[in-house]
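Chemist: Handing you a structure now.
Each reported figure results from applying straightforward, stated rules to the coordinates on display, with no laboratory input. This one's a predicted model, so the numbers in the text were calculated from it and none came from an experiment. Because the Cβ atoms are built from the backbone with ideal geometry, glycine has one as well, and the counts that use them run over all protein chains shown.
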Amino acid sequence: MNLLNARCVRSLLGSRWFPIVPQLIMLVVFGLLIAGGIGVSTDNPDFAKQLRNTNLANLIIWSYWWPLIIIAAILLGRVWCMVCPMELVTSLAGRIGLRQKAPQLFKSGWVITIFYAVILLVGVHTLTVHRVPERMALYLLMLLVVAAIVGLIFEKRAFCSYVCPVGHLLGLYALVSPFEWRADDVSVCKACKTKDCVVKKNHYRITGRSCTSNLYPATIKDNRDCLLCTQCLKACPSGNLRLSTRRPFADFFAAVELRAAQVGFIVLVSGFVVYEILSEWKASKHILTWVPDHIADALGIAGPMAGFVSAVVMFVIFPGILFLTVGVLAKVLSGGAGAVVKTFALLVLPTMAGAHLIKAILKMTSRIPYWPYVFSDPKGVATAQKILDGTLVLDKSVPGALYPVVSCSAAAVLLIALTATLLIFCKSPAVRKLDATVKVPLLFGTLAYWSIFGLTVFVWRF
Ligand code: SF4
Ligand code: SF4
């Protein structure tokens, strides 16, 4: 079903004010959230654990904005990118910038993977940008500045295409989405003389821009790279685009090919998501952090650097071992490992996305008790102090009442992810073209990854 056939949807998405007005609004919101974090800082880790939820800006960014864009990407595709203020900043910078061609390093995808690794290992787990509001604000500011600088130097929207790890993650999760943006009638595109959706002269228009994500709508193969910016709809004289429904996970049954850098990115995220879920329950957190804690102790490392060591172990070494095991077994059994490891990365994606969705639900519900206090004390310092002193006890009745709903949702998401993974395993062209001998370790590795979440969620919640 093409949603653009509904007049109200076509009018909205085809409007010259869309998405620039929502983007401007989001830019203002981002500015307010940055302002809400500035000047609110602490070096006390226990205080930071409270402050992250009592500071309004920090609460919105990490407990609602980030979880919601993950959920939205899985259910709807890259709808966040549609209204993202960073895209606006980088595109506007591009209008006055040098418009240099992107270097090969950008195109390889490794810049995104390395940038993500730095954010995860240094930003989140060493500098705790997710807990200290001022650091969160500086992190957002840094993203906006990098978006502007990349826009000033390179052509088109190089920040979105080659630098932004948020968009990259959302693109991978959008493979699951039951919606897609494509050319409506490919024969119309073939007959089109002007190709307004791709021509260079339209690259820097404010509205009706040709695609600056290097896509030609008639040949879009999957949901990874399209930002749903709707510019091609406005550029196309025939309006020959569709935003249509499809089978969920549809891209996995087509010929999706991951690049090496994307596999590296998935290795990091797969480890991160394991941490995100297992750290919710004391028993599983204890098991997961036992090795990294002992390594940090043995090396005599404490404080923020211990966080860095833990992150390297949990997000690089642990998932690296899993990917390496599958790769080595494939090499021994069939003589080749590259295609198998790429397929393995593809197969863990539904579980990874499902687990990320569960984490988003857990986070949003568990933070409900903080809402009554964040408007009277938006900086959150006094509230955090009261919670630490024990003079304020949060009312956790709402998350308590939601516990069974959340547990059932988590179980349902995991079972859907498992079913989808098995179907993909049986039917996807990526798996089919592999040697039969490597399919056993591939399936074993995929199920092992799913079991980490399956065991945790079912033992913990039921
Ligand atoms: S790729 Fe990144 S910067 Fe670009 S629109 Fe998406 S989230 Fe925003
Ligand atoms: S294909 Fe269209 S909607 Fe997608 S990124 Fe390019 S211009 Fe935007």
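Chemist: When only DSSP loop residues count, what chymotrypsin sites (Phe, Trp or Tyr not before Pro) in the stretch 307-403 have their Cβ near at most 15 other Cβ atoms within 10 Å? Walk me through the intermediate numbers first.
Modeler: Values: sites: PHE308, PHE315, PHE323, PHE344, TYR370, TYR373, PHE375; in loops: PHE375.
Those satisfying the criteria are PHE375.
Chemist: For LYS285, go through the aspartates and glutamates and keep the ones whose alpha-carbon is under 18 Å away, minus same-chain ones fewer than eight residues off.
Modeler: Here the aspartates and glutamates satisfying the reach criterion relative to LYS285 are ASP46, GLU276, ASP293, ASP297.
Chemist: I've got another one for you. Could you count how many Lys pairs in the stretch 299-443 have their Cα atoms under 28 Å apart, skipping same-chain pairs fewer than 8 positions apart?
Modeler: The number of close lysine pairs in the stretch 299-443 is 17.
Chemist: A further question follows. Within the set of other residues whose C-beta is less than 12 Å from the C-beta of ALA384, count the net charge using Lys and Arg as +1 and Asp and Glu as -1. Present the calculation step by step, with values, prior to reporting the outcome.
Modeler: Numbers: positive: LYS49, ARG52, ARG131, LYS379, LYS386; negative: ASP46, ASP377, ASP389.
Spelling it out: positives minus negatives among the neighbours equals +2.
Chemist: Give, in nm to one decimal, the length gained when the segment between ALA339 and MET1 is fully stretched (0.36 nm per residue of separation minus the Cα-Cα distance).
Modeler: Working: separation 338, 0.36 × 338 = 121.68 nm, distance 3.44 nm.
Additional length available on full extension: 118.2 nm.
Chemist: At what distance in nm do the modelled label points of ALA436 and GLN385 sit from each other, each positioned 7 Å from its Cα along Cα→Cβ?
Modeler: The modelled label-to-label distance comes out at 7.2 nm.
Chemist: Okay, moving on. Can you give the extra length, in nm with one decimal, that the chain gains between TYR403 and LYS107 once fully stretched, where that is 0.36 nm per residue apart less the Cα-Cα distance? Please list the in-between numbers first.
Modeler: On the way: separation 296, 0.36 × 296 = 106.56 nm, distance 4.45 nm.
Going from the current span to full extension adds 102.1 nm.
Chemist: At what distance in nm do the modelled label points of ILE153 and ILE295 sit from each other, each positioned 7 Å from its Cα along Cα→Cβ?
Modeler: 3.1
Chemist: Another question about this same structure. Could you compute the FRET efficiency for THR419 and CYS8, with r as their C-beta to C-beta distance and R0 at 35 Å, rounded to 0.05?
Modeler: On the way: r = 35 Å, r/R0 = 0.99.
The formula returns an efficiency of 0.50 here.
Chemist: Using the Kyte-Doolittle scale, which helices in the chain average at least 1.0 and also have C-alpha atoms spread 18 Å or more along the helix axis, with helices defined as whole DSSP H runs? Display every interim value, and only then the final one.
Modeler: Working: long enough: 20-37 (25 Å, 2.31); 133-153 (30 Å, 2.01); 260-278 (27 Å, 1.94); 282-298 (22 Å, -0.16); 318-334 (24 Å, 1.88); 338-366 (41 Å, 1.24); 397-427 (45 Å, 1.76); 439-461 (32 Å, 1.15).
Flagged H segments are 20-37, 133-153, 260-278, 318-334, 338-366, 397-427, 439-461.
Chemist: Ranked from highest to lowest mean number of other Cβ atoms within 10 Å per residue, what is the order of the peptides 12-25, 46-59?
Modeler: Values: 12-25: 15.7, 46-59: 22.8.
Per-residue mean Cβ counts within 10 Å order the peptides as 46-59, 12-25.
Chemist: Let me make sure I get this right: for the stretch 90-154, a, b and c are the square roots of the gyration tensor eigenvalues over alpha carbons, sorted descending. Under 1.5 in a/c it's rounded, otherwise prolate if a/b > b/c, else oblate. Which is it? Let's see the in-between values first.
Modeler: Details: a/c = 4.90, a/b = 1.58, b/c = 3.10.
Cα axes put the stretch 90-154 in the oblate bin.
Chemist: Work out the FRET efficiency for VAL21 and SER244 from their Cβ-Cβ distance, taking R0 = 25 Å, and round it to the nearest 0.05. Walk me through the intermediate numbers first.
Modeler: On the way: r = 25 Å, r/R0 = 0.99.
About 0.50, to the nearest 0.05.
Chemist: Evaluate the relative contact order of the chain (contact order divided by residue number), counting alpha-carbon pairs under 8 angstrom at least 6 apart; express in whole percent. Kindly include the intermediate steps, with their values, before the conclusion.
Modeler: Numbers: 702 pairs, mean separation 94.0, N = 462.
20 percent.
Chemist: Right, another one. Restricting to Cα pairs below 8 Å that are 6+ residues apart, what does the relative contact order work out to for the stretch 1-144? Please round to a whole percent. Each step should come with its number before you reach the end.
Modeler: On the way: 107 pairs, mean separation 55.7, N = 144.
Once normalised by length, the contact order is 39 percent.
Chemist: Taking the Cα of LEU141, stepping 7 Å toward and past its beta carbon, and measuring to each backbone N in the stretch 105-134: which are under 13 Å?
Modeler: Residues 133-134 qualify, since their backbone N sits under 13 Å from the label point.
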